[in-house]
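Here is the structure we will look at.
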Amino acid sequence: MHSLEKLRYPIGKFNKPENFTEKIINEYISDIEHFPTRLRKAVENLSEEQLNTLYRPDGWTIRQVVHHCADSHMNSIIRFKLALTEDTPIIKPYHEELWAELKDSSNMPIEPSLHILDGVHTRWVVLLRSLDNLQLKRTFIHPSSNRTVELQENIGIYAWHGNHHLAHITRLMDRMGW
């Protein structure tokens, strides 16, 4: 993998398993459950200057990554609830790159987003653990790709998403010797 690509995808891209076993789903849910604590631990001692450091050229600052995770994961739990209560809904995409430029993502302290992640993930994990096999196969349509996504796949995507952004932060910290 090219070095800039490695900075962009430090853990690689999401690989959808051929088979979503109970073990795989439980590992994904565990990753989602522990993400807020792992993120908080990674960023707890960073200075304002460090929070305003880009994780890669043309990337976001650590501050923006934290706020993005809150934005993205709030959207995700809503998508799950839509898929569980409607027949194959078309979800609402958003321009995450533009959201990252808004003042609440680019300038404000990260603590409110860490609190959002704590609350969203607590509720999300309760919801995810309650799903049966039929519910795991419920779907939504993502209009950006016009693709139908099963909830079991989306659980994996969001387990990956948290690990992906956490790696952006921790690998930058390693490179910078923080």
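Observations on the model:
- Among residues of segment 119-154, those that are loosely packed, with under 15 Cβ neighbours inside 10 Å and among the acidic types (Asp, Glu), counted: 1
- The requirement of being under 18 Å from the mean Cα position of the chain (by Cα) and closer than 30 Å to Asp58 by Cβ is fulfilled nowhere in segment 127-134; no residue meets it.
- Tally, over segment 70-124, of residues that are polar (S, T, N, Q) and more than 19 Å from Glu33 (Cβ to Cβ): 5
- For segment 16-50, taking the residues that are under 28 Å from Leu131 (Cβ atoms) and among the aliphatic types (A, V, I, L, M), the one that is surrounded by the fewest Cβ atoms within 10 Å (Cβ to Cβ) is identified as Ile24.
- Among the residues of this structure, Pro57 counts as one that is at pLDDT below 95, over 16 Å from Trp160 (Cβ atoms) and either surrounded by fewer than 17 Cβ atoms within 10 Å (Cβ to Cβ) or charged (D, E, K, R) (or both).
- If the condition is being over 25 Å from Asp58 (Cβ atoms) and of a type in the set (S, T, N, Q), then segment 100-126 contributes only Thr122.
- Where helices (runs of 4 or more DSSP H) sit wholly within segment 66-149, those with at least 2 residues that are farther than 30 Å from Glu48 by Cα and touching a residue at least 12 places away in the same chain (Cβ under 8 Å) occupy 111-129, 133-136.
- Looking only at residues of segment 3-15 that are under 16 Å from the mean Cα position of the chain (by Cα) and not polar (S, T, N, Q), we find that the one that is farthest from Asp132 (Cα to Cα) is Arg8.
- Answer residue from segment 106-118, given it is within 21 Å of Tyr28 (Cβ to Cβ) and aliphatic (A, V, I, L, M) and is surrounded by the fewest Cβ atoms within 10 Å (Cβ to Cβ) among those: Ile116
- Considering each residue of segment 151-170 in turn, none proves to be in a helix (DSSP H, G or I) and over 18 Å from the mean Cα position of the chain (by Cα).
- Identity of the residue in segment 17-47, among the acidic types (Asp, Glu) and outside any helix (DSSP H, G or I), that ends up farthest from Ser76 (Cα to Cα): Glu44
The values are calculated or read from the model by the stated rules, or taken from the named source; none is laboratory data. Since we're looking at a predicted model, the values are computed, not measured. Because the Cβ atoms are built from the backbone with ideal geometry, glycine has one as well, and the counts that use them run over all protein chains shown.
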